[in-house]
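The values are calculated or read from the model by the stated rules, or taken from the named source; none is laboratory data. Predicted model only: the values in this text are computed from it and were never measured. When we count neighbours, we look across all protein chains shown, and the Cβ atoms used for this are built from the backbone with ideal geometry, even at glycine. Quick note on the areas: whole protein, heavy atoms, side chains included, nothing else; ligands and nucleic acids left out. Shrake-Rupley method; radii C 1.70, N 1.55, O 1.52, S 1.80 Å.
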Amino acid sequence: MFADYHVHTDFSDDSNYPLEEVIKDAIKLNIDDICITDHVDYGIKKDWEEIEIKDKSTITNVNYPKYIEDINKMKEKYSKQINIKTGLECGIQTHTINKYEALLKKYDFDFIILSVHQVNDKEFWTQDFQRDKTQKEYNKAYYKEILEVVKKFKNYSVLGHLDLIIRYDKKGIYPFEKVKPIIEDILKIVIEDGKGIEFNTSYTRYGLKDTTPSIDILKLYHKLGGNIITIGSDSHQPSHLGFHINEAKEILKDIGFKQFCTYNNMIPEFHNL
(Lines give C-alpha, C1' and ligand atoms only; values in the text may rest on other atoms or scores of the structure.)
Protein backbone atom coordinates (compact mmCIF):
# COMPACT_ATOMS: atom_id res chain seq x y z
CA MET A 1 0.00 0.00 0.00
CA PHE A 2 1.41 3.37 -1.11
CA ALA A 3 -0.53 6.15 0.62
CA ASP A 4 -0.01 9.88 1.06
CA TYR A 5 -2.10 11.29 3.92
CA HIS A 6 -1.10 14.95 4.06
CA VAL A 7 -1.78 16.67 0.75
CA HIS A 8 -2.68 20.29 -0.06
CA THR A 9 -4.33 21.71 -3.17
CA ASP A 10 -5.31 25.17 -4.35
CA PHE A 11 -8.15 25.09 -1.83
CA SER A 12 -5.41 25.98 0.68
CA ASP A 13 -4.15 29.56 0.70
CA ASP A 14 -0.52 28.40 0.50
CA SER A 15 -0.86 26.14 -2.57
CA ASN A 16 -1.58 26.66 -6.26
CA TYR A 17 -1.74 22.93 -7.06
CA PRO A 18 -5.11 22.17 -8.71
CA LEU A 19 -6.98 19.24 -7.19
CA GLU A 20 -7.33 17.26 -10.40
CA GLU A 21 -3.64 17.72 -11.18
CA VAL A 22 -2.83 16.32 -7.74
CA ILE A 23 -4.92 13.24 -8.46
CA LYS A 24 -3.42 12.74 -11.94
CA ASP A 25 0.10 13.06 -10.55
CA ALA A 26 -0.69 10.66 -7.71
CA ILE A 27 -1.87 8.07 -10.23
CA LYS A 28 1.38 8.51 -12.19
CA LEU A 29 3.31 7.89 -8.96
CA ASN A 30 1.31 4.69 -8.36
CA ILE A 31 -0.15 6.05 -5.14
CA ASP A 32 -2.95 3.71 -4.04
CA ASP A 33 -4.66 5.90 -1.43
CA ILE A 34 -4.53 9.68 -1.10
CA CYS A 35 -6.17 12.00 1.39
CA ILE A 36 -6.67 15.67 0.55
CA THR A 37 -6.10 17.68 3.74
CA ASP A 38 -6.47 21.37 2.99
CA HIS A 39 -6.03 24.05 5.63
CA VAL A 40 -8.48 25.43 8.15
CA ASP A 41 -7.01 27.90 10.64
CA TYR A 42 -9.65 29.57 12.76
CA GLY A 43 -8.39 32.55 14.70
CA ILE A 44 -6.25 33.92 11.89
CA LYS A 45 -8.55 33.18 8.91
CA LYS A 46 -12.26 33.56 8.35
CA ASP A 47 -14.54 31.14 6.57
CA TRP A 48 -15.20 31.98 2.92
CA GLU A 49 -18.88 32.85 3.48
CA GLU A 50 -17.96 35.39 6.18
CA ILE A 51 -16.15 37.60 3.68
CA GLU A 52 -18.10 40.28 1.84
CA ILE A 53 -17.70 40.49 -1.92
CA LYS A 54 -15.44 43.53 -1.64
CA ASP A 55 -13.11 41.57 0.64
CA LYS A 56 -12.67 38.48 -1.54
CA SER A 57 -8.88 39.00 -1.60
CA THR A 58 -8.81 38.19 2.12
CA ILE A 59 -7.20 34.83 2.93
CA THR A 60 -9.92 32.43 4.00
CA ASN A 61 -10.39 28.84 5.06
CA VAL A 62 -11.57 26.10 2.70
CA ASN A 63 -14.78 26.70 0.77
CA TYR A 64 -16.28 23.56 2.30
CA PRO A 65 -19.26 22.84 -0.01
CA LYS A 66 -17.16 23.30 -3.17
CA TYR A 67 -14.24 21.41 -1.64
CA ILE A 68 -16.36 18.36 -0.85
CA GLU A 69 -18.20 18.58 -4.17
CA ASP A 70 -14.96 18.68 -6.17
CA ILE A 71 -13.35 15.84 -4.22
CA ASN A 72 -16.49 13.75 -4.75
CA LYS A 73 -16.21 14.42 -8.48
CA MET A 74 -12.62 13.18 -8.41
CA LYS A 75 -13.67 10.08 -6.48
CA GLU A 76 -16.22 9.28 -9.14
CA LYS A 77 -13.97 10.07 -12.08
CA TYR A 78 -10.88 8.19 -10.87
CA SER A 79 -12.41 5.47 -8.68
CA LYS A 80 -10.85 2.65 -10.70
CA GLN A 81 -7.36 4.13 -10.47
CA ILE A 82 -6.95 5.47 -6.94
CA ASN A 83 -8.70 5.69 -3.55
CA ILE A 84 -9.39 9.34 -2.74
CA LYS A 85 -10.29 10.41 0.79
CA THR A 86 -11.72 13.68 2.08
CA GLY A 87 -9.79 15.30 4.92
CA LEU A 88 -8.78 18.57 6.52
CA GLU A 89 -5.75 19.86 8.34
CA CYS A 90 -7.15 21.83 11.26
CA GLY A 91 -4.86 24.37 12.90
CA ILE A 92 -6.53 24.24 16.30
CA GLN A 93 -5.99 26.51 19.28
CA THR A 94 -7.69 26.23 22.65
CA HIS A 95 -9.85 29.29 21.97
CA THR A 96 -11.00 28.00 18.55
CA ILE A 97 -12.11 24.50 19.59
CA ASN A 98 -15.81 25.39 19.54
CA LYS A 99 -15.61 26.52 15.91
CA TYR A 100 -14.05 23.20 14.89
CA GLU A 101 -16.66 21.25 16.82
CA ALA A 102 -19.39 23.07 14.89
CA LEU A 103 -17.62 22.59 11.54
CA LEU A 104 -17.12 18.86 11.99
CA LYS A 105 -20.76 18.36 12.95
CA LYS A 106 -21.81 20.05 9.73
CA TYR A 107 -19.74 18.00 7.26
CA ASP A 108 -18.49 14.41 7.04
CA PHE A 109 -14.79 13.68 6.58
CA ASP A 110 -12.63 10.56 6.33
CA PHE A 111 -9.64 11.98 8.15
CA ILE A 112 -8.74 15.01 10.27
CA ILE A 113 -5.21 16.15 11.07
CA LEU A 114 -4.99 18.11 14.33
CA SER A 115 -2.14 20.58 13.96
CA VAL A 116 -1.11 23.52 16.09
CA HIS A 117 0.13 26.24 13.73
CA GLN A 118 -0.44 29.22 16.02
CA VAL A 119 -0.84 30.01 19.70
CA ASN A 120 -2.96 33.00 20.73
CA ASP A 121 -3.28 33.74 17.01
CA LYS A 122 0.48 34.30 16.75
CA GLU A 123 2.24 32.50 13.90
CA PHE A 124 5.43 30.47 14.30
CA TRP A 125 6.80 31.02 10.78
CA THR A 126 6.70 34.83 11.19
CA GLN A 127 8.37 34.54 14.63
CA ASP A 128 5.46 36.47 16.18
CA PHE A 129 4.90 33.67 18.69
CA GLN A 130 8.59 33.32 19.61
CA ARG A 131 9.23 37.08 19.84
CA ASP A 132 10.05 38.38 23.34
CA LYS A 133 10.21 34.83 24.74
CA THR A 134 13.19 32.69 25.66
CA GLN A 135 13.65 29.41 23.81
CA LYS A 136 12.45 27.59 26.90
CA GLU A 137 9.35 29.77 27.17
CA TYR A 138 8.14 29.36 23.60
CA ASN A 139 8.87 25.63 23.46
CA LYS A 140 7.02 24.99 26.72
CA ALA A 141 4.12 27.22 25.62
CA TYR A 142 3.84 25.39 22.30
CA TYR A 143 3.60 21.93 23.86
CA LYS A 144 1.32 23.19 26.64
CA GLU A 145 -1.11 24.42 23.96
CA ILE A 146 -1.10 21.00 22.28
CA LEU A 147 -1.69 19.31 25.64
CA GLU A 148 -4.65 21.54 26.44
CA VAL A 149 -6.14 21.00 22.97
CA VAL A 150 -5.94 17.18 23.12
CA LYS A 151 -7.49 17.23 26.58
CA LYS A 152 -10.54 19.06 25.25
CA PHE A 153 -10.86 18.18 21.55
CA LYS A 154 -11.49 14.60 20.43
CA ASN A 155 -12.87 14.82 16.89
CA TYR A 156 -9.62 14.17 15.01
CA SER A 157 -7.60 11.29 13.59
CA VAL A 158 -3.92 12.09 14.13
CA LEU A 159 -1.65 14.79 15.50
CA GLY A 160 0.16 16.50 12.64
CA HIS A 161 3.91 17.26 12.68
CA LEU A 162 3.97 17.11 16.47
CA ASP A 163 7.22 19.07 16.97
CA LEU A 164 6.49 21.71 14.32
CA ILE A 165 8.07 24.43 16.47
CA ILE A 166 11.51 23.00 15.59
CA ARG A 167 11.02 24.01 11.96
CA TYR A 168 10.86 27.67 12.97
CA ASP A 169 13.23 27.73 15.94
CA LYS A 170 16.08 30.06 14.99
CA LYS A 171 17.92 29.19 18.19
CA GLY A 172 18.39 25.56 17.21
CA ILE A 173 16.96 22.34 18.62
CA TYR A 174 15.64 22.65 22.15
CA PRO A 175 16.75 19.56 24.13
CA PHE A 176 14.19 16.75 23.94
CA GLU A 177 14.67 15.73 27.57
CA LYS A 178 13.45 19.16 28.70
CA VAL A 179 10.11 18.76 26.91
CA LYS A 180 9.82 14.97 27.15
CA PRO A 181 7.47 14.98 30.20
CA ILE A 182 4.84 17.15 28.52
CA ILE A 183 5.20 15.28 25.19
CA GLU A 184 4.69 12.03 27.09
CA ASP A 185 1.51 13.47 28.63
CA ILE A 186 0.28 14.44 25.16
CA LEU A 187 0.99 11.00 23.69
CA LYS A 188 -0.67 9.16 26.58
CA ILE A 189 -3.90 11.10 25.95
CA VAL A 190 -3.66 10.50 22.20
CA ILE A 191 -3.24 6.75 22.73
CA GLU A 192 -5.95 6.54 25.38
CA ASP A 193 -8.38 8.34 23.05
CA GLY A 194 -7.69 5.91 20.19
CA LYS A 195 -6.04 8.61 18.09
CA GLY A 196 -2.67 8.59 16.34
CA ILE A 197 0.22 10.69 15.09
CA GLU A 198 1.60 11.31 11.64
CA PHE A 199 5.06 10.83 10.19
CA ASN A 200 5.44 14.03 8.15
CA THR A 201 8.06 13.55 5.43
CA SER A 202 8.66 17.26 4.73
CA TYR A 203 11.60 17.53 7.14
CA THR A 204 14.34 17.28 4.49
CA ARG A 205 12.66 20.02 2.46
CA TYR A 206 13.07 22.31 5.47
CA GLY A 207 16.69 21.32 5.98
CA LEU A 208 16.04 19.56 9.28
CA LYS A 209 18.49 16.93 10.46
CA ASP A 210 15.84 14.84 12.22
CA THR A 211 12.48 13.43 11.21
CA THR A 212 9.14 15.14 11.91
CA PRO A 213 8.28 14.30 14.60
CA SER A 214 11.75 13.46 15.84
CA ILE A 215 13.05 9.93 16.19
CA ASP A 216 12.91 10.48 19.95
CA ILE A 217 9.18 11.23 19.79
CA LEU A 218 8.50 8.31 17.44
CA LYS A 219 10.37 5.96 19.80
CA LEU A 220 8.49 7.32 22.81
CA TYR A 221 5.14 6.88 21.04
CA HIS A 222 6.05 3.29 20.19
CA LYS A 223 7.27 2.59 23.74
CA LEU A 224 4.01 3.91 25.18
CA GLY A 225 2.07 1.49 22.99
CA GLY A 226 1.03 3.84 20.20
CA ASN A 227 0.28 2.01 16.97
CA ILE A 228 -1.84 4.40 14.90
CA ILE A 229 0.46 6.27 12.55
CA THR A 230 -0.09 7.79 9.13
CA ILE A 231 2.51 8.94 6.62
CA GLY A 232 2.11 12.17 4.69
CA SER A 233 4.26 14.33 2.44
CA ASP A 234 2.69 17.68 3.45
CA SER A 235 2.61 18.29 -0.28
CA HIS A 236 1.93 21.79 -1.67
CA GLN A 237 3.34 21.32 -5.19
CA PRO A 238 4.13 18.49 -7.64
CA SER A 239 7.67 17.85 -6.43
CA HIS A 240 6.38 17.23 -2.89
CA LEU A 241 3.76 14.59 -3.66
CA GLY A 242 4.64 11.11 -2.36
CA PHE A 243 7.99 12.47 -1.21
CA HIS A 244 10.13 10.19 0.98
CA ILE A 245 7.18 7.97 1.95
CA ASN A 246 8.89 4.64 1.23
CA GLU A 247 11.91 5.81 3.21
CA ALA A 248 9.61 6.76 6.08
CA LYS A 249 8.28 3.20 6.16
CA GLU A 250 11.80 1.87 6.61
CA ILE A 251 12.47 4.30 9.47
CA LEU A 252 9.27 3.23 11.19
CA LYS A 253 10.16 -0.44 10.78
CA ASP A 254 13.59 0.21 12.31
CA ILE A 255 11.91 1.74 15.36
CA GLY A 256 9.68 -1.30 15.74
CA PHE A 257 6.40 -0.33 14.11
CA LYS A 258 4.75 -3.12 12.15
CA GLN A 259 1.90 -1.22 10.48
CA PHE A 260 0.75 2.19 9.30
CA CYS A 261 -2.77 3.48 8.76
CA THR A 262 -5.10 4.91 6.17
CA TYR A 263 -8.60 6.11 7.09
CA ASN A 264 -12.17 5.65 5.94
CA ASN A 265 -15.03 7.54 7.62
CA MET A 266 -12.70 8.45 10.51
CA ILE A 267 -11.88 4.78 11.17
CA PRO A 268 -8.22 3.66 10.87
CA GLU A 269 -7.35 0.81 8.56
CA PHE A 270 -4.03 -0.95 9.21
CA HIS A 271 -1.51 -2.00 6.55
CA ASN A 272 1.78 -3.82 6.96
CA LEU A 273 4.89 -1.69 6.52
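For the reader, a short list of remarks on this structure follows.
- Per-residue accessible area (protein heavy atoms, 1.4 Å probe) orders Ile251, Ile23 as Ile251, Ile23, starting from the largest.
- Approximate spin-label separation Asp121-Lys66, in nm, with each point projected 7 Å along Cα-to-Cβ: 2.5
- Label selected from (i) 21.3, 66; (ii) 17.5, 49; (iii) 17.7, 54, the criterion being Rg and Dmax of the Cα atoms in Å as computed here: (iii)
- Springs join every pair of Cα atoms under 10 Å in this Gaussian network model of the chain, and among Glu50, Glu89, Glu148 the largest mean-square fluctuation is at Glu50.
- Counting DSSP beta bridges with both ends in the chain, the antiparallel % (nearest 5): 25
- Asp254 versus Thr204: modelled label distance in nm, points set 7 Å from Cα along the beta carbon direction: 1.2
- Selected from Thr262, Thr94, Thr86 as most flexible by GNM, with the chain as the system and alpha-carbon contacts under 10 Å: Thr94
- A straight chain from Ala141 to Asn16 at 0.36 nm per residue would run longer than the Cα-Cα distance by 41.8 nm.
- On the chain, 48 percent of the accessible area sits on carbon and sulfur atoms, based on a 1.4 Å probe.
- Inter-label distance for Glu50 and Lys171, nm, one decimal - labels placed 7 Å from Cα along Cα-to-Cβ: 3.2
- Gyration tensor verdict on the range 1-90 (Cα atoms; rounded if a/c is under 1.5, prolate if a/b is larger than b/c, oblate otherwise): prolate
- Loop trypsin sites (Lys or Arg not before Pro), the range 10-103, which have at most 12 other Cβ atoms in a 10 Å radius of their Cβ (DSSP): Lys56, Lys80
- Relative contact order %, the chain, counting alpha carbon pairs below 8 Å whose residues are six or more apart: 21
- Gyration tensor (alpha-carbon) shape descriptor, the range 176-238, a/c threshold 1.5: oblate
- Additional length obtainable on full extension of the chain from Ser239 to Glu184, 0.36 nm per residue less Cα span: 16.4 nm
- Residue-averaged [θ]222 nm for the chain, counting only DSSP H segments that reach four residues, each worth -39500 (n - 2.57): -10500 deg cm²/dmol
- A 1.4 Å probe run over the protein chains yields, for the chain, 46 Å² of accessible area per residue, whole-number rounding.
- Gyration tensor verdict on the range 107-236 (Cα atoms; rounded if a/c is under 1.5, prolate if a/b is larger than b/c, oblate otherwise): rounded
- Loop trypsin sites (Lys or Arg not before Pro), the range 153-191, which have at most 14 other Cβ atoms in a 10 Å radius of their Cβ (DSSP): Lys154, Lys170, Lys171
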